[in-house]
Amino acid sequence: MTHSKFVWGASTASIQIEGGADSRGLSNWDVFCETQGRVHAGHDARIAADHINHVEQDVAILREMGLKAYRFSVSWPRIMPEGLGQVSEEGLAFYDRLIDSLLSNGIEPYLTIFHWDLPYALHLKGGWLNPDISNYISDYTKILVEHFSDRVRHWITLNEPQCFINLSYRMEAHAPGYRVSDRELALAAHNALLSHGKMVQVIKSYAKLTPTITYTQAMPMSSIPYTNTENDIEAARNRQFSITSDFAGTVSVFADPIYLGAYPTEYLNRYESILPNFGHDDFKIISSPIDFLGVNIYMGDYVTAGPNGEAVVVPPQPGHAKTAYNWQVRPECMYWANRFCFERYNKPIIITENGMSGNDWVHLDGKVHDYDRIDYINRHLLELNRAMRDGVDIRGYFHWSLLDNFEWAQGYHERFGLVHVDFENGNRTMKDSAYHFAEIAKTNGNCIGADFSI
Ligand code: NOJ
């Protein structure tokens, strides 16, 4: 299959870059930041990368890089300060400005509707534990679609449900920092899936330009066969989609209902006694057809087959390659996670995020020489290209992130940007990796010995 137009882009998310906290409603993350000990060094997202005052400059950087696509998210509390009811004209106008500026620079907006910043008022109503959330988010989606779909074609419903459900409601790591029962966790997960399905239906019903719809998932337990033997490949594949006691942190609980129309049997059997009562049409709604499987992928584990074929994780070698965040550098994850997902779900894939945090600073010569990121990008893209050569249908790659930003519970401790941001004054400096990524996009990968035009 030939798809001449591989999409090259960069990603961000609203609360991670925007700032301008006074011009929007309170979000669950604002309150989480106020809670002692939750976010690194007590950082908050009130100013972040001050994108709200740098929109034109940030779009100019995208243009300078020659990127034809930009993935950003809309802040629900900026559009609806209370989560329901009243709509902020100022909020809509901000995204009008961004979208119009992107389009006039030849850059396609990829709009994520929900990337974790929930209006605090809805958190007080139970957040993702409240079954009404799927109606609230549908109302919010309708406002976005009615207002922006004369210009926006590409819609992403939810970003990484594994994180805003599991990290948030079980692991105590993200807002609101809860540890709920498994019963409530399963309910929250189901509410997220139903939300996605209803959002898809709203997009399809109200979009003015024919939409493409993507659902973006994290790739927890991304598994790389340690050797190329069938046994290791099978062990890795099984682990990738297995249901663990950490069920809300799995791929299959959040993907099978969408692409296969049902929860995995293993999940149903194991958790039967605590699962919510599903509505009659729930799975029909959840599996409303969409266009792309969005993959956010950063790392993976080497896996080998144990004596009974079970997956055994091979521990990292001492001194293994790692990013500033201490994440293992495992470029083969780009090959295997995508191959496994494509085999199981048979959907074209867009890489909606991939990247690394580095110890980046502005050097004496005024530049940011982030060679680690350049190497990371090269290695991951070569593996991605290998997956394409082996038949995996991949349509685009969005680097995380355009800008250094507010990395959730890590605050400003992690720098993921292609562009360095000085958080004291908002100054932007394109890192060496930004120029390099621009060259990759321009040559469709040829400059690193790849070919993304296949
Ligand atoms: C996942 C999330 O979507 C994004 O918000 C986060 O900053 C990156 N990955 C890096 O952790």
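The values are calculated or read from the model by the stated rules, or taken from the named source; none is laboratory data. Bear in mind that the values here come from a model prediction, so they are computed numbers and not experimental data. Cβ placement follows ideal geometry from the backbone for every residue including glycine, while neighbour counts extend to all protein chains displayed. These area figures cover heavy atoms from the full protein model, side chains too; ligands, DNA and RNA do not enter into them. Shrake-Rupley method; radii C 1.70, N 1.55, O 1.52, S 1.80 Å.
Whose amide H sits under 5 Å from the amide H of ILE350, counting only residues 5 or more places off or on another chain, with H placed in the peptide plane?
Those qualifying (amide H under 5 Å, at least 5 residues apart or on another chain) are LEU293, GLY294, VAL295, ARG395.
Return the equivalent ellipsoid semi-axes of the chain as a descending list in whole Å, where each equals the square root of 5 times an eigenvalue of the C-alpha gyration tensor.
On the way: eigenvalues 171, 163, 97 Å².
Each semi-axis is √(5λ); the values are 29, 29, 22 Å.
Just the number please: accessible area per residue for region 50-124, 1.4 Å probe, all protein chains included, in Å².
Working: 2540 Å² over 75 residues.
Averaged over the residues of region 50-124, the accessible area is 34 Å².
Measuring with a 1.4 Å probe in the full set of protein chains, what accessible area per residue, in whole Å², belongs to region 314-430?
Accessible area per residue, region 314-430: 39 Å².
Indicate the gyration tensor shape class of region 186-307 (rounded, prolate or oblate), computed on the Cα atoms with a ≥ b ≥ c the square roots of the eigenvalues: a/c under 1.5 is rounded; otherwise a/b larger than b/c is prolate and the rest oblate. Let's see the in-between values first.
Numbers: a/c = 2.76, a/b = 1.52, b/c = 1.82.
Oblate is the answer for region 186-307, as a/c is 1.5 or above yet b/c matches or exceeds a/b.
Relative to the present Cα-Cα distance, how much length would full extension add between THR35 and LYS204 at 0.36 nm per residue of separation?
Details: separation 169, 0.36 × 169 = 60.84 nm, distance 3.94 nm.
Residue separation times 0.36 nm, minus the Cα-Cα distance, leaves 56.9 nm.
Which of the pairs LYS68/LYS142; LYS284/LYS347; LYS68/LYS125; LYS125/LYS347; LYS204/LYS347; LYS68/LYS322 have their Cα atoms more than 28 Å apart in this structure? Please report the intermediate quantities before stating the final value.
Details: LYS68/LYS142 26 Å; LYS284/LYS347 18 Å; LYS68/LYS125 40 Å; LYS125/LYS347 35 Å; LYS204/LYS347 18 Å; LYS68/LYS322 30 Å.
Violating the 28 Å limit, Cα to Cα: LYS68/LYS125; LYS125/LYS347; LYS68/LYS322.
Ranking request for peptides 75-87, 5-17: highest mean number of other beta-carbon atoms within 10 Å first, then the rest in descending order. Walk me through the numbers on the way to the answer.
On the way: 75-87: 20.5, 5-17: 24.2.
In decreasing order of mean packing, 75-87, 5-17 become 5-17, 75-87.
According to the square roots a ≥ b ≥ c of the eigenvalues of the Cα gyration tensor, what is the shape class of region 312-357, taking rounded for a/c under 1.5, prolate for a/b larger than b/c otherwise, and oblate for the remainder?
Values: a/c = 4.01, a/b = 1.68, b/c = 2.39.
Oblate shape, in that a/c is at least 1.5 and b/c is the bigger or equal ratio.
Roll a 1.4 angstrom probe over the protein heavy atoms and tell me the percent of accessible area of the chain that is carbon or sulfur.
Details: 8400 of 17330 Å².
Whole-percent figure for carbon plus sulfur exposure: 48.
Jot down the per residue volume, in cubic angstrom and as a whole number, of the convex hull over the alpha-carbon atoms of region 301-443. Intermediate values should be presented prior to the final figure.
Working: hull volume 20.4 nm³, N = 143.
Taking the convex hull of the Cα positions in region 301-443, it is 142 Å³ per residue.
Under the definition of Cα pairs under 8 Å and six or more residues apart, what whole-number percent is the relative contact order of region 224-275?
On the way: 34 pairs, mean separation 9.9, N = 52.
Relative contact order comes out at 19 percent.
Would you rank SER104, SER252, SER287 by solvent-accessible area, highest first, keeping every protein chain in place and using a 1.4 Å probe? Intermediate results must be reported in sequence, preceding the final value.
Values: SER104 90, SER252 0, SER287 35 Å².
The most accessible residue leads, giving SER104, SER287, SER252.
Quick check: from the Cα gyration tensor, does region 386-453 come out rounded (a/c under 1.5), prolate or oblate? Walk me through the numbers on the way to the answer.
Values: a/c = 4.00, a/b = 1.93, b/c = 2.07.
The shape class here is oblate.
Report, in debye and to the nearest 20, how large the dipole of the chain comes out about its Cα centre when Lys and Arg carry +1 and Asp and Glu carry -1 on their Cβ. Please report the intermediate quantities before stating the final value.
Values: 38 positive and 55 negative charges, 163 e Å.
Dipole of the chain, to the nearest 20 debye: 780 debye.
Order 107-117, 370-380 from most to least packed using the mean count of other Cβ atoms within 10 Å. Let's see the in-between values first.
Details: 107-117: 23.5, 370-380: 20.3.
Those peptides, ordered most packed to least, come out 107-117, 370-380.
In whole Hz, what ³J(HN,Hα) sequence does region 60-77 give by Karplus (6.51, -1.76, 1.60; θ = phi - 60°), x for Gly and Pro?
4, 5, 4, 5, 4, 6, x, 6, 9, 8, 9, 9, 9, 10, 9, 7, 4, x
Over region 1-49, what is the relative contact order in percent, taking alpha-carbon pairs closer than 8 angstrom and at least six residues apart?
Working: 37 pairs, mean separation 21.8, N = 49.
Once normalised by length, the contact order is 44 percent.
Could you order the peptides 39-46, 25-32 from most to least packed, using the average number of other C-beta atoms within 10 Å per residue? Walk me through the intermediate numbers first.
Details: 39-46: 16.6, 25-32: 22.4.
Descending packing order for the listed peptides: 25-32, 39-46.
Please tell me the relative contact order of region 283-402 in percent, rounded to the nearest whole number, where contacts are Cα pairs under 8 Å and at least six residues apart. List each step's numbers first, then the result.
Details: 158 pairs, mean separation 36.8, N = 120.
This gives 31 percent for region 283-402.
Sort largest first and round to whole Å: the equivalent ellipsoid semi-axes of region 353-413, each the square root of five times a Cα gyration tensor eigenvalue. Walk me through the intermediate numbers first.
Working: eigenvalues 150, 48, 14 Å².
Semi-axis lengths for region 353-413 are 27, 16, 8 Å.
What accessible area per residue, rounded to a whole number of Å², is obtained for region 194-284 using a probe radius of 1.4 Å?
Numbers: 3800 Å² over 91 residues.
Solvent-accessible surface per residue comes out at 42 Å².
At a Cα cut-off below 15 Å, give the aspartates and glutamates reachable from LYS442, other chains included and same-chain residues fewer than 8 away excluded.
Straight-distance partners of LYS442: GLU64, ASP451.
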